[in-house]
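> I'd like to ask some things about the structure below.
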Amino acid sequence: MSNHLQFPYQLYLVISEADCRGRNFLQVAEAAILGGVDIIQLREKDLSTDVFLKRAVELKQITDKYNVPLIINDNITVAEKVDAFGIHVGNSDTPPVLLRKNQAFENKMIGYSIEYIEQLTNIQTAVADYLGVSPVFSTATKTDTVTEWGLDGIRTIREMTVKPLVAIGNMHLKNIRSVIDAGADCIAVVSAICAADCPQQAASELKNEILK
């Protein structure tokens, strides 16, 4: 089976309430789906698990309505309780190998962020379903990262793995085509949709650019 069939998503929204700049994040998420977002990750790094869970439950009602997969960032409890489609973890989070051993995640999608080239040869990458290339370009929303991959980084990673690659980090209308051409399978955005005047239109324009 080709990766495209396993990971048919092209526009990936990473959302948090803070990124929506005072607007209702559920309305932003729904508008983004109507505009063409294929998959959504809820990332709430600073909330208690209870509040994160409440938001995830509300968001899942919307994603289920449109049959859009919901990924939870890094919180095993929230991902399990909302029966999320999957979970996304980074270098310092629960390792994919441990998640796979957890019955709740045996058949769930696991995303893994690649911040060092050495990660591509580790067992965590081997068991992950897709790889987040993070960040492609440096960004204000993620300040704790080590590498800025750039287009050459994507090309290098593409040569080293057949796993689906999700590019994240300052992705916007002017650069996503070059990122796809460099080998990314999917574009993940935060502010390009969350902070847009019209999230639905922003999503639609991004999706059209990807499909060109």
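Nothing in this text is a laboratory measurement; each read-out follows from the coordinates by a stated rule. For clarity, every value in this text was computed on a predicted model and none was experimentally measured. Reconstructed Cβ throughout: ideal geometry from the backbone, glycine too, with neighbour counts over all protein chains shown.
> Can you give the local net charge around residue 204? Use residues other than it whose beta-carbon is closer than 15 angstrom to its beta-carbon, Lys and Arg +1, Asp and Glu -1.
Surrounding charge for residue 204 is -3.
> Mean separation of Cα pairs under 8 Å and 6+ residues apart, divided by the residue count of the chain: what relative contact order is that in percent?
Answer for the chain is 23 percent.
> Here's something else I'd like to know. Build a GNM of the chain with springs between Cα atoms under 10 Å: which of 120, 13, 165 gets the top mean-square fluctuation?
Judging by the Gaussian network model, the answer is 120.
> Going by average Cβ neighbours within 10 Å, how do the peptides 79-88, 64-73 rank, with the highest at the top?
Final packing ranking: 79-88, 64-73.
> With label points built 7 Å along Cα→Cβ from the Cα atoms of residue 83 and residue 34, find their separation and express it in nm.
For residue 83 paired with residue 34, the spin-label model returns 2.7 nm.
> Place the peptides 45-51, 155-161 in order of packing, highest mean first, counting for every residue the other Cβ atoms within 10 Å and averaging per peptide. List each step's numbers first, then the result.
Numbers: 45-51: 11.6, 155-161: 15.3.
Packing proxy ranking, top to bottom: 155-161, 45-51.
> Using a Gaussian network model on the chain with a 10 Å cutoff between Cα atoms, which of 173, 59, 11 fluctuates the most?
173
> May I ask you to list the lysines whose Cα is less than 21 Å away from that of residue 212, ignoring any residue fewer than eight positions away on the same chain?
174
> Would you look at the GNM of the chain, springs on alpha carbons closer than 10 Å, and say which of 131, 53, 42 moves the most?
Top of the fluctuation ranking is 53.
> Summing +1 for each Lys or Arg and -1 for each Asp or Glu, what net charge is found among the other residues whose Cβ lies under 12 Å from the Cβ of residue 7?
-2
> Rounded to the nearest 500 deg cm²/dmol, what is the calculated helix-only ellipticity per residue at 222 nm for the chain, with -39500 (n - 2.57) per DSSP H run of length n ≥ 4? Write down the numbers at each step before the final one.
Working: 10 runs with 83 residues, N = 212.
Here the helix-only value at 222 nm equals -10500 deg cm²/dmol.
> Explain nothing, just the number: dipole magnitude of the range 3-211 about its Cα centre with +1 on each Lys and Arg Cβ and -1 on each Asp and Glu Cβ, in debye rounded to the nearest 20.
Value, rounded to 20: 200 debye.
> Provide the descending list of Cα extents for the range 13-108 along its principal axes, expressed in whole angstroms.
Principal-axis extents of the range 13-108 (Cα, largest first): 37, 27, 22 Å.
> Related question: Put +1 on the Cβ of every Lys and Arg and -1 on every Asp and Glu Cβ in the range 3-211; which of 36, 119, 188 then has its Cα farthest towards the positive end of the dipole?
Result: 36.
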